[in-house]
Every structure is written in C-alpha cells, then in structure tokens.
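*Asks:* A single structure is presented below for examination.
The values are calculated or read from the model by the stated rules, or taken from the named source; none is laboratory data. Predicted, not measured: the structure shown is a model, and the values here were computed from it. FYI the Cβ positions are ideal-geometry reconstructions off the backbone, even for glycines, and counts take in every protein chain you see.
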Amino acid sequence: MTRFESKWEELKVADEEVFAFLSDFRNFEALMPEQITHWNANADSCSFTIPGMADLALRMTSKVPCKSILIESVGSKPIAYNLLINIQPFKVNHSTAQIAIEAELNPFMGMMASKPLQNLVDLMAKRLQEHFK
C-alpha cells in the first residue's frame with residue numbers, strides 16, 4: 001500500500017462539527033476538484049467521474065465518532081484504494097483534520113498517480129479548512 005497524506009489543517013470548529021459534516025457524502029462535493037462530473041451521493045456512498053480517466057464509487061465503512069472515517073473504493077477499477085480522514089480536538093471550538101489515501105499501486109502506476117493523489121488529499125484538506133472559516 002502506498003500512502004499519501006495531507007498536512008494537518010486547523011479548523012475553527014469543534015471536532016464534533018467536523019465529524020458530522022464529513023459523515024455525510026452529500027457534503028463532499030464541496031471538497032472535490034472542479035474536474036469531477038456526474039457527482040451522485042447519499043449519506044454513506046457516492047459515485048463520480050473523472051473525465052478521461054475513470055468512473056469511481058466510494059462507501060463509508062467505518063466511523064469512530066469525532067476521530068476517524070474510513071472510506072473504501074467500490075470495485076478495484078482503476079485501482080483499489082481507501083480514503084482515511086483523521087480528526088483531533090485542538091483547543092476549545094477548534095480541531096485539526098488530515099486526509100490520507102492508501103492505494104494498491106504497482107511501480108508504474110505509482111509514478112503516474114503519486115502527484116495527482118497527493119494533490120487530491122492536499123486540495124480536500126485545504127477546502128475543508130476553507131469550509132469552516
């Protein structure tokens with residue numbers, strides 16, 4: 001497994017509010033890159049298209065209240081991967097969050113996908129921070 005991690009972003013809300021927001025896939029569209037099309041989501045799953053690349057689907061498989069959310073890919077096309085969101089209290093009414101992707105990448109795919117996957121987790125974490133400003 002190859003892992004790509006965002007830096008921990010400080011959020012100006014309590015960990016409970018961050019967890020509630022991230023526990024519903026309908027809120028994730030605001031965190032995604034503009035290239036994403038055909039976004040479809042309910043509370044526990046979503047699907048979307050990255051034009052010219054792939055149709056993807058995700059589902060939430062584990063939630064530890066106010067601490068973490070594990071999201072798994074549905075199917076293995078083009079790759080099998082997990083998205084892990086970690087949340088920590090920081091100070092009164094502030095928290096921090098980190099987004100990570102773990103993916104099964106062969107060496108060739110690793111070279112091709114490493115920069116886009118790192119950019120994705122960085123973008124999602126930054127947009128999460130902006131959402132709670």
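*Asks:* Can you tell me which residue within the stretch 111-126, out of those that are more than 10 Å from the chain's Cα centre (by Cα) and either hydrophobic (A, V, I, L, M, F, W, C) or more than 15 Å from residue 50 (Cα to Cα) (or both), is modelled with the highest pLDDT? Before the answer, list the steps.
*Replies:* Narrowing the stretch 111-126 to residues more than 10 Å from the chain's Cα centre (by Cα): 111-119, 126.
Subsequent filtering for residues that are either hydrophobic (A, V, I, L, M, F, W, C) or more than 15 Å from residue 50 (Cα to Cα) (or both) retains 111-115, 117-118, 126.
Values: 111: 82, 112: 83, 113: 83, 114: 88, 115: 91, 117: 91, 118: 95, 126: 98.
The residue in question is 126.
*Asks:* Within the stretch 55-77, track down each residue that is free of Cβ contacts under 8 Å to residues at least 40 places away in the same chain, surrounded by 13 or more Cβ atoms within 10 Å (Cβ to Cβ) and touching an Asp or Glu at 6+ places or on another chain (Cβ under 8 Å).
*Replies:* 58, 59, 60 - these are the residues of the stretch 55-77 that are free of Cβ contacts under 8 Å to residues at least 40 places away in the same chain, surrounded by 13 or more Cβ atoms within 10 Å (Cβ to Cβ) and touching an Asp or Glu at 6+ places or on another chain (Cβ under 8 Å).
*Asks:* Would you mind telling me which numbered condition in (1) surrounded by fewer than 16 Cβ atoms within 10 Å (Cβ to Cβ); (2) in contact with a helix residue (DSSP H, G or I) (Cβ under 9 Å, 6 or more places away or on another chain); (3) outside any helix (DSSP H, G or I) residue 27 fails?
*Replies:* With respect to (1) surrounded by fewer than 16 Cβ atoms within 10 Å (Cβ to Cβ); (2) in contact with a helix residue (DSSP H, G or I) (Cβ under 9 Å, 6 or more places away or on another chain); (3) outside any helix (DSSP H, G or I), residue 27 is out only on (3).
*Asks:* Then there is this: Residue 37 is checked against (1) closer than 27 Å to residue 110 by Cα; (2) of a type in the set (S, T, N, Q); (3) in contact (Cβ under 8 Å) with a residue 40 or more places away in the chain and fails just one. What number does that condition carry?
*Replies:* Residue 37 satisfies all of (1) closer than 27 Å to residue 110 by Cα; (2) of a type in the set (S, T, N, Q); (3) in contact (Cβ under 8 Å) with a residue 40 or more places away in the chain except (3).
*Asks:* Given the criteria assigned to a helix (DSSP H, G or I) and small (Gly, Ala, Ser), does residue 43 qualify?
*Replies:* On the way: assigned to a helix (DSSP H, G or I): no; small (Gly, Ala, Ser): yes.
It is false that residue 43 is assigned to a helix (DSSP H, G or I) and small (Gly, Ala, Ser).
*Asks:* Also, I was wondering about something else. Can you find, within the stretch 46-76, the residue that is farthest from residue 98 (Cα to Cα) among those that are outside any strand (DSSP E or B) and at pLDDT below 95?
*Replies:* Start the filter on the stretch 46-76 by keeping residues that are outside any strand (DSSP E or B), which leaves 51-53, 65-67, 74-76.
Narrowing the set further to residues that are at pLDDT below 95 leaves 51-53, 74-76.
Values: 51: 26, 52: 28, 53: 26, 74: 22, 75: 25, 76: 24 Å.
Among residues in the stretch 46-76 that are outside any strand (DSSP E or B) and at pLDDT below 95, the one farthest from residue 98 (Cα to Cα) is 52.
*Asks:* Just one of 79, 87, 99 is assigned to a loop (DSSP other than H, G, I, E, B) and either in contact with a helix residue (DSSP H, G or I) (Cβ under 8 Å, 6 or more places away or on another chain) or modelled with pLDDT of 95 or more (or both); which is it?
*Replies:* Working: 87 fails: assigned to a loop (DSSP other than H, G, I, E, B); 99 fails: assigned to a loop (DSSP other than H, G, I, E, B).
From the options 79, 87, 99, the qualifying one is 79.
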